[in-house]
Amino acid sequence: MVRSLAAAARWIDGVGLALLFPKADVVLPSLWEAINGSPEQNWSVREDDGTFVGWTKELALLWSLKDELPEQGLACVGRHLARVATCVSPQLLPTLVAANGEPADDGEPVVEAIAALGPLTGPQLREATGLTKKEVDRSVASLHHRLVLTSSHLVDQDGPWGALAHDLLARKWRLPKKLPPRADARRELASLVLAQAGELTAADLRGALGWRLREAREVLDGMAEGRDEAGFRIWTAP
């Protein structure tokens, strides 16, 4: 059971790739399950009549870890896979970028602002670019998915919540200039997901890593024996 920042970092290093919260159609493990012991959504403490009392200690820990892990340089956290927050071991990050990374469009204002000014929060990006909140949020989400941006650290602001600053992923994590070949990186990722899950369909791999179904099938065919079952082809870990 994960009960500390150091334990969370060790757990992420061990699994390589995980979601922050479990997602029903994604076969990756989640940090929430490692903290909570199950995927159960016991996030809050409530009275018998349903009145909210407070957040559980498990959720409070997870909420602090999602910001502390990247701030301390212990794990990469961002909306990098399945359109949800993902935790990536620093050692695996070059492989993930090689397999899934896509460059930003030329002249992308959010990227240009962060490249020039350093990590910026949503409000700071709106001030620097003149974009609306909706435009900034949409751009940041897309750039996280393309592995151009990632979470950097939490910035204090007025009110009860801090604001998350975003940085260039390659700068935050000092990625090597030479990344693995894309095909090799995809085989490594598929092997990792298959080993964690035990068995996969191509749709499972697509859901986890966002590849086209044909691409997922071709990678699995190149690394494991598949069997047909109930109209599906299933690949089993060696």
Mind checking which residues of region 112-125 are surrounded by 18 or more Cβ atoms within 10 Å (Cβ to Cβ) and either free of Cβ contacts under 8 Å to residues at least 24 places away in the same chain or among the basic types (Lys, Arg) (or both)?
ALA113
Those helices (runs of 4 or more DSSP H) completely within region 14-101 that have 1 or more residues that are touching a residue at least 60 places away in the same chain (Cβ under 8 Å), not polar (S, T, N, Q) and not assigned by TED's automatic domain parsing to the domain that holds GLY162 are 57-71, 93-100
I'd like the full set of residues that are in contact with a Ser or Thr (Cβ under 9 Å, 6 or more places away or on another chain) and over 25 Å from LEU81 (Cα atoms), limited to region 132-162.
GLN157
Scanning region 52-87 residue by residue, the ones that are more than 17 Å from the chain's Cα centre (by Cα) and polar (S, T, N, Q) total 1
Selected residue (only one of PRO109, PRO90 is on the phi < 0 side of the Ramachandran plot and more than 18 Å from the chain's Cα centre (by Cα)):
PRO109
Being among the charged types (D, E, K, R) and buried (at least 16 other Cβ atoms within 10 Å of the Cβ): is that true of LYS134 here?
no
For region 70-101, name all the residues that are crowded, with 22+ Cβ neighbours inside 10 Å and closer than 14 Å to TRP32 by Cα.
VAL77, THR86, CYS87
Scan region 221-234 for residues that are under 26 Å from the mean Cα position of the chain (by Cα) and either modelled with pLDDT of 95 or more or farther than 28 Å from VAL97 by Cβ (or both) and report the count.
1
Does LEU189 satisfy the criteria of being of a type in the set (A, V, I, L, M), within 13 Å of ALA99 (Cα to Cα) and either surrounded by fewer than 15 Cβ atoms within 10 Å (Cβ to Cβ) or outside the structural domain of GLN124 (by TED's automatic domain parsing) (or both)?
yes
Meets criteria (crowded, with 17+ Cβ neighbours inside 10 Å, under 23 Å from PRO103 (Cβ atoms) and in contact with a helix residue (DSSP H, G or I) (Cβ under 8 Å, 6 or more places away or on another chain)) for ALA202
no
Selection count where residues are in a loop (DSSP other than H, G, I, E, B) and in contact (Cβ under 8 Å) with a residue 12 or more places away in the chain, scope region 168-223:
12
In region 112-153, residue nearest to the chain's Cα centre (by Cα) [restricted to those that are closer than 19 Å to VAL77 by Cα and among the charged types (D, E, K, R)]
ARG146
Index of the failed condition, ALA82 passing every other in (1) touching a strand residue (DSSP E or B) at 6+ places or on another chain (Cβ under 6 Å); (2) closer than 28 Å to ASP137 by Cα; (3) of a type in the set (Gly, Ala, Ser):
(1)
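The values are calculated or read from the model by the stated rules, or taken from the named source; none is laboratory data. Computed from a prediction, not measured in an experiment: that's the story for all the values here. All Cβ positions, glycine included, derive from the backbone under ideal geometry; neighbour counts span all protein chains shown.
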